[in-house]
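A.B. asks: There's a structure below that I have some questions on.
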Amino acid sequence: MKIQYIRKLTASYMVLAQCEELQEWEKKMITHAPKGNIAFAECVQENGEKYLWYNITGKQALDAVLETETLSYDMLCNVLNGIYEAVQQLEGMLLPAQSILLAAESIFVDYRTRQISFCYYPGNPMPLPEAFRSFMEYLLTRLDHSDDRAVKAAYDIYGQSSAGGVELKELKSLLLMPYEKDEAKTEPESLDDTEPEEPEAYAAVGQTEQDGKREASIWKQIFRGESTVQELLAAVWEKLWKTTGGAAGRPAGKIAGKLAGGTTGRPTGKRAGKAAVSGDKSRTVRWKIGGNMKNAQKEPEPFVFEPEEEEHKSANPTVLLAGISQKPEGILRYEGTGGYSDLVIEKDNYVIGSAAECDGRIPSTTVSRRHAKISKRGTVFFIEDLNSSNGTRVGGELLNYKTGMSLQKNEVVMFADEKFRFI
């Protein structure tokens, strides 16, 4: 399927050759179609051929978006929920769901609202399950693999689509669970008062869980830094006291003498002197429930490296060249009246727009958030419009979307009504 992009003065279009005529009832349904995320085309006849013109003004194709963004879980949900809503809308209009195009170059994203829109192409020859499976294969190549939820959801849904087990109208329920992020807990976990199955079980402060065994919740708090060693000992005293039958929640006698650092019931005498925690040095305590207290051990003091004085200085010191700024190879010099800065092209892919995250920012109300992109291939710079609202002109020529043009020295470039000169 050949795609053309045509830019008019006030709008931008994606143009496809029409492959099937619409029935009269289909035309009526489309004419009265509710506002949704499906783009219906206008049929235009040229030189005996019929073409479908889709208005894509202010939108960017998904494949262009994913050139500069990785596919996060939120974006994955946005795209797949968009497919679900499009299928629901077509079924409600009695139109075939197979007629939506599931290809990254024909799916569009509104950068202001992040809404996804799909093109209705009557007579689409590719069966919908096959198109969806192929689309999922593409999405897997664009995944943000540091986002666990995105990876799990995408591979799970792709696996089901490959096995023929995914109904597109059920996509919404597939995305809701079990990939939702766990809610953050606002209250600390309480001490688990259940008795351990093995009285001789060991637990270590400051060490990670091993062999997959579930530690008591107080240890999890220690590992996460939510409780101090003193709070731990106070909780342990309470726990031990319940098993020994003392009063006021405090251990007595030998048990108290073997635990150090608590806020109450501190041991005295020689043992207190040995077990006390000093004000400037932390200690790591390792103990066994129901057993003897092991000696507290000092954490090793941090090693501080103090370089010796240099005895001989080199007559020809080495200079690191990587940090020295080099002259940029391309500059767009501002020649407008808005007082904006020149744009220094320091990257092979340089995005220009009014958004703060753009490489070259033009904070003008007439410039789109992502207006244009300059790419360097070898020694030549190419400029391409990113389907901006007010267009990009090079040497007076209005650029079509996804159509690159080489930049020549001293050439005038207009981003909307803002004038620059390439030098």
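The values are calculated or read from the model by the stated rules, or taken from the named source; none is laboratory data. Remember, predicted model here, so these are calculated numbers, not experimental data. All Cβ positions, glycine included, derive from the backbone under ideal geometry; neighbour counts span all protein chains shown. The protein model used for the area step is the full one, side chains on, heavy atoms only, and it has no ligands, DNA or RNA in it. Shrake-Rupley method; radii C 1.70, N 1.55, O 1.52, S 1.80 Å.
A.B. asks: Once you list every other residue whose beta carbon is under 13 Å from the beta carbon of Asn387, what net charge do they have if Lys and Arg are +1 and Asp and Glu are -1?
C.D. replies: On the way: positive: Arg7, Lys8, Lys59, Arg112, Arg369, Arg370, Lys373, Lys402; negative: Asp63, Glu105, Asp110, Glu384, Asp385.
Net charge in that neighbourhood comes out at +3.
A.B. asks: Long-range amide H contacts for Ile56: which residues qualify at under 5 Å (H placed 1.01 Å from N, peptide plane, sequence gap of 5 or more or a different chain)?
C.D. replies: The answer is Ser12, Tyr13, Met14.
A.B. asks: Using the Karplus curve 6.51 cos²θ - 1.76 cosθ + 1.60 with θ = phi - 60°, work out ³J(HN,Hα) for each residue of region 90-100 in order, rounded to whole Hz, and write x for Gly and Pro.
C.D. replies: Once θ is set to phi - 60°, the couplings for region 90-100 become 5, 5, x, 9, 6, 9, x, 5, 5, 7, 7 Hz.
A.B. asks: If you don't mind, another one. Over 24 Å between C-alpha atoms is what I'm after, so list which of Lys2/Lys409; Lys8/Lys402; Lys373/Lys409; Lys35/Lys152; Lys8/Lys28; Lys59/Lys402 land there.
C.D. replies: Values: Lys2/Lys409 33 Å; Lys8/Lys402 14 Å; Lys373/Lys409 17 Å; Lys35/Lys152 33 Å; Lys8/Lys28 27 Å; Lys59/Lys402 12 Å.
In this structure, Lys2/Lys409; Lys35/Lys152; Lys8/Lys28 lie more than 24 Å apart at Cα.
A.B. asks: Can I ask one more? When the dipole is taken about the Cα centre of region 381-423, and only Lys, Arg (+1) and Asp, Glu (-1) are charged at their Cβ, what size is it in debye, to the nearest 20?
C.D. replies: 120 debye
A.B. asks: Same structure again: Less than 13 Å Cβ to Cβ from Asn55, Lys/Arg counted +1 and Asp/Glu -1: what total charge do the surrounding residues give?
C.D. replies: +1
A.B. asks: What's the carbon and sulfur percent of region 19-101's accessible surface, probe 1.4 angstrom, rounded to a whole number?
C.D. replies: 47 percent
A.B. asks: Separate question: Once amide H atoms are placed 1.01 Å from N in the peptide plane, what residues at a sequence separation of 5 or more from His371, or on another chain, have their amide H within under 5 Å of its amide H?
C.D. replies: Placed amide hydrogens put Ile352, Gly353, Ser354 under 5 Å from His371.
A.B. asks: So, one more: Stick to Cα atoms and the Kirkwood definition of Rh, then tell me Rg/Rh for region 65-115.
C.D. replies: On the way: Rg = 12.2 Å, Rh = 12.1 Å.
For region 65-115, the value is 1.00.
A.B. asks: How much accessible area per residue does region 340-379 have, in Å², with a 1.4 Å probe?
C.D. replies: So region 340-379 comes to 51 Å² accessible per residue, rounded to a whole number.
A.B. asks: A further question follows. Over region 57-146, what is the relative contact order in percent, taking alpha-carbon pairs closer than 8 angstrom and at least six residues apart?
C.D. replies: So the answer I get is 37 percent.
A.B. asks: Quickly rank 399-406, 102-109 as a protection proxy: mean count of other C-beta atoms within 10 Å, highest first.
C.D. replies: Output ranking for 399-406, 102-109: 102-109, 399-406.
A.B. asks: Could you work out the relative contact order of region 1-118? I mean the mean sequence separation of Cα pairs under 8 Å and 6+ apart, divided by the number of residues, in percent.
C.D. replies: 27 percent
A.B. asks: Continuing with the same structure: Send over a whole-number figure in Å² for the accessible area per residue of region 88-135, probe 1.4 Å.
C.D. replies: For region 88-135, the per-residue accessible area is 40 Å².
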